[in-house]
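Every number here is computed from the coordinates shown, using simple stated rules; none is lab data. Everything quoted here is computed from the prediction, not taken from an experiment. With ideal geometry, Cβ positions are generated from the backbone for all residues, glycine too; neighbour counts draw on all protein chains shown.
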Amino acid sequence: MTDQKESPMIGPSRPYLIRALNEWILDHGGIPYLVIDTTINGVIVPEQYVSNDGQIILNINPSAVQSLILGDQVIEFKARFGGILIHVCIPVLAVTAIYDRQTRQGMVFGMEPGVPNLDGSKPHGSTHVTGVTNMKSKKKATKTILKVVK
C-alpha cells in the first residue's frame with residue numbers, strides 16, 4: 001500500500017455550503033433567502049433596496065429568479081425589482097447567511113480559517129452574525145430576523 005499524505009483543504013467552503021443549503025431548502029418546499037453585505041466590492045444589486053446598514057435580503061427561489069448560477073466565486077441571476085428585470089451579481093464572500101423564509105433554518109457565515117478577510121487582511125478571529133434586519137427598502141424595515149454580534 002502506498003502511504004499518501006492527506007492534502008489540506010484549500011479554499012473557502014462557503015460556495016459549497018450555499019449550494020447544499022439552497023438544495024436542502026428547496027427539497028423541503030422552502031424558499032431560500034440570501035443575506036448580502038453590499039459593502040463588499042463587486043456586489044451588484046438595486047441600491048434602493050439596500051438597508052441603512054448595507055445589507056439586502058434576496059429571495060433566490062426558482063420562481064423569483066432567472067438564470068441562477070451558484071458559482072465558486074460569484075452568485076448571479078436576474079430578478080424583477082419594482083417590475084424591472086435586473087442582473088444581480090454577488091461575490092460569494094459577500095453572502096453572510098442563507099436561510100429558509102418560513103422556518104428561518106439555515107446558516108450564518110463568519111470568517112473561515114485560511115481565507116483572507118474581505119478587506120484583504122489576514123484573518124484575526126471570527127465574526128459571529130446571529131441576525132440581520134429584513135428590509136424591503138431603505139425607508140421601511142419589516143421584521144428583525146437576526147442580530148450582528150462581534
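Miscellaneous remarks
- Cβ-based exposure ranking for 93, 68, in which fewest neighbours within 10 Å come first: 68, 93
- Inter-site label distance for residue 20 and residue 53 at 7 Å from Cα along Cβ, in nm: 2.7 nm
- Packing-based order for 18-24, 55-61, using average beta carbon neighbours within 10 Å, highest first: 55-61, 18-24
- Under the Karplus curve 6.51 cos²θ - 1.76 cosθ + 1.60, θ = phi - 60°, whole-Hz ³J(HN,Hα) for the range 18-27, x wherever Gly or Pro sits: 4, 4, 5, 5, 4, 5, 4, 4, 5, 4
- Applied to the range 91-99, the Karplus parametrisation 6.51 cos²θ - 1.76 cosθ + 1.60 on θ = phi - 60° returns per-residue 3J(HN,Hα) values of x, 4, 5, 7, 7, 9, 6, 9, 8 Hz, with x for Gly and Pro.
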